[in-house]
Amino acid sequence: MVTATVEDDAVAQRECLKNVFSMEGGQGEASYMNNSQVQSRNLEMVVHVLKETLDEIRPPRRPEKLLTAADLGCSCGQNTIFVADVIVQHMTDLYTSRGHAPPEFSFYFSDLPSNDFNTLFKLLPDPATAGARPRYFAAGVPGSFHGRLFPERSIDAFTSTFSLHWLSQVPKEVVDKGSAAYNKRKVFVHGAPEATGLAYKRQFQSDLARFLRCRAAELKRGGAVFLVCLGRPSSATPTDQGTVRFLFGAMFQDSWDDLVGEGLMDGEKMDGFNVPVYAPTLEEFREVVNADGSFQINRLEMVTGSPPVVDHPDDPAAVGLTVANNERSLLGPLVDAHVGTALGGELFGRLRRRAEERAQELMEEMRFPHVVCSLSLASPRHLK
């Protein structure tokens, strides 16, 4: 039975994720803005699937004058702007090819309230330079994509790229010392006990199911959904996260162990931190979509992404700095909230040195599989 203390810890972690979690904001050395080039290359590799997804949109006989789209988990870099531009251009071309005047576009950028929307908004095209009509009308929507964000039947196209692997919370069993799933001396599910892996898997399944139910309510009839998230090989168990271990296990785990071993942090403090990420297999992803029943799968595949983008890939110091900054852009806010900025700096400094030592291996192997999925609403009889 879960104790009140564990429940309190679980609530505290959920609140931390909601109020603190985001990619590193601003435009500094470790910001997401300056450390999302790999995601950009990965997005370019699958943009054809996004266009295929948009082709699945079935507008009414009299085409609407306004198309609405939303990018969920938009963060604060250029990639979400790229997605918006692709959608606007592709749908404009599609309308024109069918002899219709292009519609106006409303594009929603959505992420948790802790996201750096100010940095994102500075990247938007200036309406004053776009002529009489802006390329699209933009708005920010703060909130979790694990809940409702928009009115019913109001969105034509949803996208979410590099976000769905982030869990809504660390599974409460994982922080319960009396549970078989307690992740003692680990900060990630990779290499953890089997019970820990199953807890992470259940949390991912629950989160994805909630995501799908919400989007099914918000999506217009004839709308479509494009999704990309981290994945792992079908043969791997939940506690074998494949190459994703390079991001959230392996060197990251060893760096935490360093701080404990050097007496800069006690083991209890490390035990209280768990990376809320789960990379699913294609089968796990498909099972949730099929069990929910709201959507039909148009395309579901695994795509291996780009290696690290490093200015001088043969220089171990450059590789170490890039890897450390990339990881800090993803995990920095969570780490700093847990241990403070000083110890956070020590942690990522050690990670940098470890990455330097393994530079050649990382350039060869640090390529992450991604689940790429295109969905349309299932027939109305399946929807409530």
| said: Could you tell me the extents of the chain's C-alpha atoms along the three principal axes, largest first, rounded to whole Å? | reply: 69, 50, 35
| field | Cα centroid separation - the stretch 134-161 against the stretch 32-105, whole Å | value | 13 Å
| Given the options Gly223, Gly242, Gly77, which has the most mean-square fluctuation in a GNM of the chain, springs set between C-alpha atoms less than 10 angstrom apart? | Gly242
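As an exercise, find the ratio Rg/Rh for the stretch 254-378 from alpha-carbon atoms, using the Kirkwood inverse-distance average for Rh.
Working: Rg = 18.7 Å, Rh = 17.1 Å.
For the stretch 254-378, the value is 1.09.
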| field | Area accessible to solvent at Ile87, 1.4 Å probe radius, in Å² | value | 10 Å²
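So what's the back-of-envelope 222 nm ellipticity for the chain, counting only DSSP H runs of four-plus at -39500 (n - 2.57) apiece and dividing by all residues, rounded to 500?
On the way: 12 runs with 166 residues, N = 384.
That comes out to -14000 deg cm²/dmol.
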| query | Which whole-angstrom value gives the distance between the alpha carbon centres of the stretch 324-378 and the stretch 234-288? | reply | 11 Å
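Once R0 is set to 30 Å, what does the formula 1/(1 + (r/R0)^6) return for the Cβ-Cβ distance between Glu44 and Ala342, expressed as a FRET efficiency to the nearest 0.05?
Working: r = 38 Å, r/R0 = 1.26.
It comes out at approximately 0.20.
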| note | In a Gaussian network model of the chain with springs linking alpha carbons closer than 10 Å, the residue among Arg245, Arg221, Arg61 that fluctuates most is Arg61
| Want the number for Asp254 to Ser154: 0.36 nm per residue separation, take away the alpha-carbon distance, what's left? | 31.3 nm
| Got a sec to turn the phi values of the stretch 359-374 into Karplus ³J(HN,Hα) couplings, 6.51 cos²θ - 1.76 cosθ + 1.60 with θ = phi - 60°, whole Hz, x for Gly and Pro? | 4, 4, 4, 5, 5, 8, 10, 7, 10, 9, x, 10, 6, 10, 9, 10
| message | For the pairs Lys172/Lys220; Lys51/Lys122; Lys177/Lys269; Lys172/Lys269, flag any whose C-alpha to C-alpha distance is greater than 24 Å. | response | Lys172/Lys220; Lys51/Lys122
| Just from the alpha-carbon atoms, what are the Rg and Dmax of the stretch 193-234 in angstroms? | 13.8, 43
| field | Simple spin-label estimate for Leu123 and Asp55 in nanometres, 7 Å along Cα-Cβ | value | 2.8 nm
| If you rank Asp315, Asp336 by how much accessible surface each has, with a 1.4 Å probe, what is the order from largest down? | Asp315, Asp336
| Solvent-accessible surface (1.4 angstrom probe) belonging to Cys214, in square angstrom, nearest 10 | 20 Å²
| task | Could you state the angle between the C-alpha long axis of helix 194-218 and the longest principal axis of the C-alpha atoms of the chain, as a value from 0 to 90 degrees rounded to the nearest 10? | result | 20 degrees
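Over the stretch 135-231, what portion of Cα pair distances is larger than 23 Å, expressed as a whole percent?
Numbers: 1794 of 4656 pairs.
Above the 23 Å cut-off, the stretch 135-231 has 39 percent of its Cα pairs.
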| In degrees from 0 to 90, rounded to the nearest 10, what is the angle of the helix 4-20 Cα long axis to the longest principal axis of the chain? | 50 degrees
| request: May I ask you to order 342-352, 276-286 by the average number of other C-beta atoms within 10 Å around their residues, highest value first? | output: 276-286, 342-352
| said: Leaving out ligands and nucleic acids, and using a 1.4 Å probe, what accessible area per residue does the chain come to in Å²? | reply: 42 Å²
| query | Each residue of the stretch 102-115 in turn: what ³J(HN,Hα) in whole Hz from Karplus with 6.51, -1.76, 1.60 and θ = phi - 60°, glycine and Pro shown as x? | reply | x, x, 7, 10, 10, 10, 9, 9, 10, 6, 4, x, 6, 5
| note | On the accessible surface of the chain, probed at 1.4 Å with all protein chains in place, carbon and sulfur together account for a percent value of 50 percent
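The values are calculated or read from the model by the stated rules, or taken from the named source; none is laboratory data. It should be emphasised that the depicted structure is a prediction, and the values quoted were computed from it without experimental measurement. Reconstructed Cβ throughout: ideal geometry from the backbone, glycine too, with neighbour counts over all protein chains shown. Each accessible area value is taken on the protein alone, full model and side chains, heavy atoms only, with ligands, DNA and RNA left out. Shrake-Rupley method; radii C 1.70, N 1.55, O 1.52, S 1.80 Å.
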